[in-house]
Amino acid sequence: MLPQVLHRAYLRCPKMPQVSWDVLSSLTVMVVHYSFLYMIFAMPLTLSYRTTKVINFVHSNFITYGAYVAILLNGLYGNRNMLLAMASAFAIVGGIAVLNNIAVFEPLSRRGAKPVALMISSMGLWIFYKYLLYTIIDLATHFSRVNFVSYPKIVYEWIPSVSLDSVRLSSSFIATSLSAAAMIVGLYVLLEKTNLGRAMRAVSDNPILSEISGIPKRTVINLTWLIAGGIAGVGGVLWTSYAGAITPEAGDSMILQVFTVGFIGGLTSLTRTCIGAVLIASIENYGITLLNQFFRVETSYKPFLTFVTLITTLIVSPPLGAGGGLPYRLFRRVGKSA
Amino acid sequence: MPNILEARDLAKYFGGVRALDGVTISVPERSIVGLIGPNGSGKTTLFNVVTGFYEPTRGEVLLKNNSGSMERIDGLNPNEVFLKGVVRTFQVPRLFTSLTVLENVLVTPPVQIGEKVLDAPFKSRWEKQERELAKKAVGLLKKFGMEKYVYSRITELSVAHIKLLETIRGLMTSAKLYLLDEPAAGVDYGVARELFNYIRGLREEGLTFLIVEHRLDVLMDYVDYVYVLHNGKLLSEGKPSEVVNDPKVIEAYIGG
Amino acid sequence: MASKSIPTQLIYLIAGVLIGLVAGYGVFSITAPQPRPGEVPTGEGRVFTIGFTLPLSGELSSIGKIWEKVVRLAIEDLNNEVKAFGLNITFNYEILDDETKEEKALQNVQTFAQKGIKVVIGPAASSQVKVVKAFADENKIVIISPSSTAPTLALKGDFIFRTVGSDAGQAKALATLAHQEGSRKVIVFHRNDEYGRAFADFFINYFKDLGGTAVSQPYQTGLADYAAEVSALAGRVQSEGFEAVVLVAFDTDGANILSHAAESAILSRVRWFISEGPHGASELLTQSVGEFAAKVKLYGTRPLFIANPLYIELKERFKEMFGLELAVFCENLYDAVKLAGWAIIRAGSYDGEAIAKALVEVAKTYYGPSGWTAFDETGDKAQQDYGVWAIVKTAEGKYEFRDVGVYERGSIVFIEVAYK
Amino acid sequence: MPEFDLIGFLVQWLTVFGLYSILAITLNLEAGFAGLTNFGKVVFYGIGAYVGATLTTYLTLYLNNVDPFECPPYSIDGIVKLIELGGKSPSLSIGLLALSLLAAFIAAGSVGFLLTYPILRVGPAFVGFTLLSFGELMRIFLRHYEPVGGSKGLAAIPRPFGWVGDPRLSSFIFLLLVLGLVALTYIAMNKLTNSPMGRMLRAVRDDEIAALCLGKHVPGIKALTLFIGSGFSGMAGALMAYYFTSVNPDMFVPAVTFNVWAMVILGGMGNFTGSIIGVALFTLMDRLLAFITPALGVAVISPDYIRWMFVGLLIVVVLLFMPKGLLAERPLKTPALDEARKLLVEGGGGA
């Protein structure tokens, strides 16, 4: 294989840090895997924000709920069919997202509440859903005697794992990459080729113009929530096939990564969100492994890298288009061409 | 009359989009100058560059300072531009919705003792100034017939009053130049004329106005000079009567 | 709009009344001696209440839920035993959830104190015990933690007792295990918290004394997943040629790490030795981890006197009653309850100081599921035996935890072959 | 039932109430007045706690002729020495208290001031998120930073009134100190905002771009607000360190921030009295729950989960049906009102 040849050539270079092929290849597979996962987690966030203008903290619940739909199906009914888990997660989580909109976000916006109020209400919902899930899990654990608070990785049936030369692609990798590809193609077709997609884009660009498409704005927003919540829920299902162990904190522990990915995309551009996913996945995985191996940086600094990326993003390229921006320059240049 | 504001070869690019591409205008003191053009012709961008929202890509903006000489102001921040004596209003009025009309006017004066954190808790230090400012504010509101609304919230006002209030705020300072972004948008013809009458009255008192306006029917009766922008470039300029008959302008409006 | 001024006045009124109440009655009662009966003489005998602050939710909740059942069992046993002695005494329990949070633990202990309860079992984490310590010492409340092991809490003359052996002892056992199994160069992969750091430090020191070399590799806790950490570990294991990985973890993170390690070819080629945290975690009993355990001959240590009939009996009764396996520190908790009960009876008066003294005496002669419970001078369990556990395949093809060896006088004695 | 210790209950409840009140009042200044969505409140609280704890432990050792670098306060020897030496001398204890409060104010305030830089140009959502993630950053840093104990944290922090002898009396004096600081914060914030400055803050909250165009130095105002709010939170943090006598990085998790937010939203944005009521209700609820839950005896559904679900729902319900909270924001009362009334009456315009 070509990469392996290149790697051997690299190892011949004197005085370069040495990374073995085993480590490098499995690390690369992991980076690709995480990139796909972050895309599936973060793209619905961008999608929902740019259409509805709600900074949605509940997004982390979406992921966790998706994961727990799969876990409960597996633990209580022995389900090992990933498609069934995905369909259920899409329906349930998407339904929750629509419910949130109908019960909370829509009445608030109708009353003319500021974006801050919407954000804070989503924070309240986040807390509510998090502990609702804990309660459900406690009940399920109590009656089934299965420990749902910390659940092992689910091995789904029918999905093969592939070995390419020395590189092993797990069944989770296959499922994740297929899902990510399907999502990207699906979103592209939806946004570019369908009437609904055009309406969704119109709502985000110009709420007044959007009425022209013939689809009522309310419907567009509800459908957006359904799709955003549903995809995040599917992401949660994929997570259960990958993570070493799943807890009800899964989504919350990733919220900073997912939002950072979204922020890199300015919460408006899906393409840039994809780039952000690759960037964060690379920084987290390549970054900490290489820093650890060559500079003895403790692995416990890993979250540091993500936060530094986030704060750098905010300083270097603040997402002004989405969050509103103050036209103020700390280092102004008066009469610069003089 | 000497110029109070000059923009020389002003340009602003957003990536590949040339929102403003080498515009030169000058605004004489104590005049009302109109700035017109089709949608997306760069009028608001010009305002944004002059008031410090953007740094220009090229060119310079000069403002007459108190000693009478021209001074570069491009690149200053909006708050600094304001302190130099330039007041700006917005197409969609931006008033402080949780404050009363009186407070909206009172918030304007730049040097307030009571806004300093070390003085604010001690009423005695700022009470005198506050009372003086209140006197001035009530006086202004009375002058423009808004004494009935002193304690009202902004949400209780009519569109015309809101537009008027945005202008009145500036009078609390020693501002010399007003940049008004579509003052007559959203109000009916009679009210629009009334607004412009006020503006003309203020001009008599020594103020200068640069006005972006779509309602040419109203604008043309009041302005001394008009600039026409199209695709970020100056298309035409001159007295109102000259400009409306300029075939280029007519074509741009119909074509745009 | 008239309502605006009323609440303000109301606030001032309430605040004034409260402050006045506290100031007036407070100063008066502070100086006066405090009669504080924590027990109630009734016609049927005396009733004592023991307070519990347990992690029923939060990070340790999966263990906490099992502990709560152990408490019920232990109180029942204690009452039966007391009755059998012919004493007309009943023990009650009150369990509060502390969410594994410091502030909540202090609030719970304060609540118990306000109710006059002088003996509190819990909290679980060392950081919580530290927050509770000053209040307990000042108000003479006996705190018995079944699971705190931080060396910085080994202090003389306080009201904090711990029915679990220190990590130093276990680190020694684990170091001996790794050394005896032939590993000379190991990497300690541990939680970046007080437990993990202290354990790793002890381990590295003991392992050096045995003639091996060990380096530390901490990982951040509370993450969604540990794939990147495991990958970094694999990188170091390969580039520096470590012979074994020593994992110091809790249940969820331990399970997560092992699950990823099972997929790594590099990490499947070295030996694995594990602390007591992941023991009992049901997530570890999957096929992939089970196969991995067999491949790398995974062994762990844990505080346990192997073949202790009391422990085996407790384990079986617990399974019978609740259908669950015992989790970590259950036996220590069980003994804490028993000790607390007997200490209250021995003290004669329901007073913190007397109970603390009695507790030390009672523990000297008590032997329970966790072994001999005598305290050392700092109020920690003096004698702790350590067992070796493994994940083995049962006849039905499932996996289970099994205690396969014991640490005795500086070496590991295996009593069962775990991996063929 | 054994006799109930009402005094103990009140002292302990009011101390926690006081600590949270300072946080809620300052959060209200930042969020309710200046529109800064500070989701990182716990950062400044934590910085104050760590500054107070570090100064007190190191200086107690140093001034008692123990070299704190030979025998650091986070080691077991240091802890033993701290217990032995701490809180014996009234002058030293009070001096350290004053120094800690001052240093906590300056340190937390300065961090707040500097943190305005990354959030200068971004909207409220990003402000919230940046501060939230900075809190996590700080937690990871503290876990690695050995001089303040790393993951062990600092323990056995000498209490400022330990020399009084009777622990009940000393905790009562401590309560008075806390309530004194609450009163100071409350009065200072009320005075500060019932002025042209309060008007300016509200203007910035309503429309920061318009305020900037009216010559207000919006970044400066935000930085200053965050300095003041964070400074007072830092003082609350220092007091917390004394109250708990121990600090460790995992005390400063975002849940603390969300609790304070819920209190402020319930009490009413822009109303300091409302915040105090919000804090009182929440802390009282938590204390009372501890009395009720053992009686319920339910083990399947955790009362704490129910409590948090209630908090989450409360935030939503308040925003939906009572957006102003329990106490609505009150109009400013500056002498301008009085002056305007005089003028309008004299002029016969009469409103």
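The values are calculated or read from the model by the stated rules, or taken from the named source; none is laboratory data. This structure is a prediction, so every number in the text was calculated from the model and none was measured. So basically every Cβ, Gly included, is an ideal-geometry build from the backbone, and we count neighbours across all protein chains shown.
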- With the condition kept exactly as written, say whether any residue in region A:219-229 is within 30 Å of C:Ser62 (Cα to Cα), modelled with pLDDT of 90 or more and either assigned to a helix (DSSP H, G or I) or not small (Gly, Ala, Ser) (or both). yes
- Exclusive hit being within 12 Å of chain D (Cβ to nearest Cβ), more than 24 Å from D:Pro331 (Cβ to Cβ) and outside any loop (DSSP other than H, G, I, E, B), set B:Leu133, B:Leu179: B:Leu179
- Query: Considering region D:141-173 alone, what residues qualify as being in a helix (DSSP H, G or I), touching a helix residue (DSSP H, G or I) at 6+ places or on another chain (Cβ under 7 Å) and hydrophobic (A, V, I, L, M, F, W, C)?
  - Reply: D:Leu142, D:Val148, D:Trp163, D:Val164, D:Leu169, D:Phe172, D:Ile173
- Message: Anything in region C:131-174 that is within 18 Å of C:Thr301 (Cα to Cα) and among the hydroxyl-bearing types (Ser, Thr, Tyr)? List them, or say none.
- Response: C:Ser147, C:Ser148, C:Thr149, C:Thr163, C:Ser166
- Taking region C:141-153 as the region of interest, how many residues are aliphatic (A, V, I, L, M), under 18 Å from the mean Cα position of the chain (by Cα) and within 14 Å of chain D (Cβ to nearest Cβ)? 3
- Task: Scan region A:287-296 residue by residue and report those that are more than 22 Å from the chain's Cα centre (by Cα) and either modelled with pLDDT of 85 or more or part of a helix (DSSP H, G or I) (or both).
- Result: A:Thr289, A:Leu290, A:Leu291, A:Asn292, A:Gln293, A:Phe294, A:Phe295
- Can you tell me which residues in region C:380-405 are part of a loop (DSSP other than H, G, I, E, B) and under 18 Å from the mean Cα position of the chain (by Cα)? C:Ala382, C:Gln383, C:Gln384, C:Asp385
- Query: Are any residues in region B:13-51 among the aliphatic types (A, V, I, L, M) and touching a helix residue (DSSP H, G or I) at 6+ places or on another chain (Cβ under 7 Å), and if so, which ones?
  - Reply: B:Ala19, B:Leu20, B:Val23, B:Ile32, B:Leu35, B:Ile36
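What tally of residues in region A:148-169 results from selecting those that are β-branched (Val, Ile, Thr) and within 20 Å of A:Tyr134 (Cα to Cα)?
Residues in region A:148-169 being β-branched (Val, Ile, Thr) and within 20 Å of A:Tyr134 (Cα to Cα): 2 in total.
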- Residue under evaluation C:Val164, criteria (1) farther than 30 Å from C:Ser239 by Cβ; (2) at pLDDT 90 or above; (3) of a type outside the set (D, E, K, R), criterion not met: (2)
- Is one or more of the residues making up region B:50-73 closer than 23 Å to D:Pro219 by Cα, surrounded by 22 or more Cβ atoms within 10 Å (Cβ to Cβ) and touching a residue at least 60 places away in the same chain (Cβ under 8 Å)? yes
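Quick grid of which residues meet (1) modelled with pLDDT of 90 or more; (2) of a type outside the set (Asp, Glu):
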| site | (1), (2) |
| --- | --- |
| C:Ala307 | no, yes |
| C:Glu320 | yes, no |
| C:Leu326 | no, yes |
| C:Asn332 | yes, yes |
| C:Val337 | yes, yes |
| C:Gly341 | yes, yes |
| C:Ala354 | yes, yes |
- Looking only at helices (runs of 4 or more DSSP H) that fall completely inside region D:254-351, which ones have 2 or more residues that are facing chain A (nearest Cβ under 9 Å)? D:254-267, D:303-321
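With a cut-off of at least 3 residues that are on the phi > 0 side of the Ramachandran plot and more than 11 Å from every other protein chain (Cβ to nearest Cβ), name the helices (runs of 4 or more DSSP H) lying wholly within region C:154-269.
By residue number, no helices (runs of 4 or more DSSP H) qualify.
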- Note on the structure: Okay, helices (runs of 4 or more DSSP H) sitting entirely in region B:196-256 with 1 or more residues that are out of contact with any helix residue (DSSP H, G or I) (no Cβ under 9 Å at 6 or more places or on another chain) and assigned by TED's automatic domain parsing to the domain that holds B:Asp9, I get B:240-244, B:247-255
- Note on the structure: From the option list C:Lys101, C:Lys115, single residue qualifying as charged (D, E, K, R), buried (at least 24 other Cβ atoms within 10 Å of the Cβ) and either under 19 Å from the mean Cα position of the chain (by Cα) or farther than 29 Å from C:Gln383 by Cβ (or both) is C:Lys101
- Conditions (1) within 22 Å of A:Ile120 (Cβ to Cβ); (2) facing chain B (nearest Cβ under 10 Å): number failed by D:Cys213: (1)
- Based on what the data block shows, is A:Gly276 assigned to a helix (DSSP H, G or I) and touching a residue at least 60 places away in the same chain (Cβ under 8 Å)? yes
- Tell me, please, whether a residue that is surrounded by 24 or more Cβ atoms within 10 Å (Cβ to Cβ) and farther than 28 Å from D:Val122 by Cα can be found in region D:21-38. yes
- Screening C:Ala134, C:Ala154 for residues that are touching a Ser or Thr at 6+ places or on another chain (Cβ under 7 Å) and surrounded by fewer than 24 Cβ atoms within 10 Å (Cβ to Cβ) leaves only C:Ala154
- Task: Quick one: B:Leu164 ticks every box in (1) surrounded by fewer than 21 Cβ atoms within 10 Å (Cβ to Cβ); (2) assigned by TED's automatic domain parsing to the domain that holds B:Asn104; (3) modelled with pLDDT under 85 except a single one, so which number is it?
- Result: (1)
- Query: When the residues of region A:123-140 are filtered to those that are more than 22 Å from D:Asn38 (Cα to Cα) and at the interface with chain D (Cβ under 7 Å from one of its Cβ atoms), which remaining residue is farthest from the chain's Cα centre (by Cα)?
  - Reply: A:Leu139
- Message: Quick check on region A:238-245. Is at least one of its residues of a type in the set (A, V, I, L, M, F, W, C), modelled with pLDDT under 90 and more than 29 Å from A:Thr176 (Cβ to Cβ)?
- Response: no
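Which of the residues belonging to region C:138-153 are of a type in the set (Val, Ile, Thr), part of a helix (DSSP H, G or I) and within 20 Å of C:Ala347 (Cβ to Cβ)?
Going residue by residue through region C:138-153, those that are of a type in the set (Val, Ile, Thr) are C:141-144, C:149, C:152.
This time we only want the ones that are part of a helix (DSSP H, G or I), so: C:152.
None - no residue of region C:138-153 is of a type in the set (Val, Ile, Thr), part of a helix (DSSP H, G or I) and within 20 Å of C:Ala347 (Cβ to Cβ), so the list stays empty.
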- Is region A:242-252 home to any residue that is under 14 Å from the mean Cα position of the chain (by Cα), part of a helix (DSSP H, G or I) and buried (at least 22 other Cβ atoms within 10 Å of the Cβ)? yes
- Got at least one residue in region C:361-374 being surrounded by 20 or more Cβ atoms within 10 Å (Cβ to Cβ), modelled with pLDDT of 90 or more and aromatic (Phe, Trp, Tyr)? no
- Query: If only one of D:Phe69, D:Phe105, D:Phe113 is within 22 Å of the chain's Cα centre (by Cα), at pLDDT 85 or above, of a type outside the set (A, V, I, L, M) and surrounded by fewer than 22 Cβ atoms within 10 Å (Cβ to Cβ), which one is it?
  - Reply: D:Phe113
- Message: Take the conditions over 23 Å from D:Met309 (Cβ atoms) and either more than 9 Å from chain D (Cβ to nearest Cβ) or within 21 Å of the chain's Cα centre (by Cα) (or both) and apply them to A:Gly66. Does it pass?
- Response: no
- Message: The conditions are (1) out of contact with any strand residue (DSSP E or B) (no Cβ under 8 Å at 6 or more places or on another chain); (2) buried (at least 17 other Cβ atoms within 10 Å of the Cβ), and B:Lys128 fails exactly one of them. Which is it?
- Response: (2)
